[in-house]
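See structure below.
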Amino acid sequence: MKLGPTAMGLRFSPEPFFDRVPAMSEAGTPEKAPSLSPRPATEDDIPQILELEARVQSAGWREDHFRAEFQKGYSHFIVLTDDETDSKIAGFIVFWTLQDEGQILNIAVDIPFRGLGLGKKMIQLAVNQAAKAGGNRVILDVRKSNLPAIQLYQGQGFIITRTHRNFYSNGEDAYQMVLDLTQKDPLDPRSIDF
């Protein structure tokens with residue numbers, strides 16, 4: 001059963017974001033991309049999420065990391081799926097809403113869906129949820145080598161506050177980035193079109 005945004009306590013504009021954005025077919029020719037909607041992830045999504053994670057992350061989460069998120073009441077594990085079949089996962093985000101802050105733990109957009117603003121929209125979703133829960137800030141960690149992600153986060157108002165040495169399993173350092181919610185009004189969730 002597909003749970004829509006209102007079942008998650010979120011409201012989005014009914015106009016599908018992807019009705020206007022062309023995607024590329026395997027042959028490299030433009031084609032119309034499907035409409036996508038966010039919904040809570042389920043255990044059945046895990047195999048496809050692991051495949052996506054392996055394609056886009058150099059040292060991604062293991063299956064047990066994802067499954068553990070279903071047991072945490074403060075965790076939000078959201079997937080973006082096609083509206084037609086609810087079977088193709090274009091991206092996902094895992095974030096926590098805690099007492100005074102939100103934490104973005106993992107975010108990924110599948111390669112054919114990159115460059116369409118989905119990462120930005122999922123970040124906005126997490127920021128809005130943190131603000132709604134009374135959070136004062138949102139924090140995340142990002143690989144120092146992941147310049148596109150760093151630029152995306154900086155474009156949303158995140159600033160680098162510290163460096164974690166040897167943070168990732170392959171020894172790479174991470175930047176901790178913080179968005180101060182006391183200085184920024186979250187977006188109206190109805191303005192986040194998927």
> Looking only at region 97-120, which residues are surrounded by 22 or more Cβ atoms within 10 Å (Cβ to Cβ), over 19 Å from residue 48 (Cβ atoms) and either at pLDDT below 95 or within 12 Å of the chain's Cα centre (by Cα) (or both)?
Replying inline: 104
> Any idea which residue in region 146-170 is surrounded by the most Cβ atoms within 10 Å (Cβ to Cβ), counting only those that are closer than 18 Å to residue 61 by Cα and hydroxyl-bearing (Ser, Thr, Tyr)?
Replying inline: 168
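Here are some residues: 90, 23. Which one is in a strand (DSSP E or B), surrounded by 12 or more Cβ atoms within 10 Å (Cβ to Cβ) and at pLDDT 95 or above? So that I can check it myself, show each step before the final result.
Details: 23 fails: at pLDDT 95 or above.
Residue meeting the stated conditions: 90.
The values are calculated or read from the model by the stated rules, or taken from the named source; none is laboratory data. Since the structure is predicted, the reported quantities are computational estimates derived from the model, not experimental observations. Positions of Cβ are generated from backbone atoms using ideal geometry, with glycine treated the same way; all protein chains shown enter the neighbour counts.
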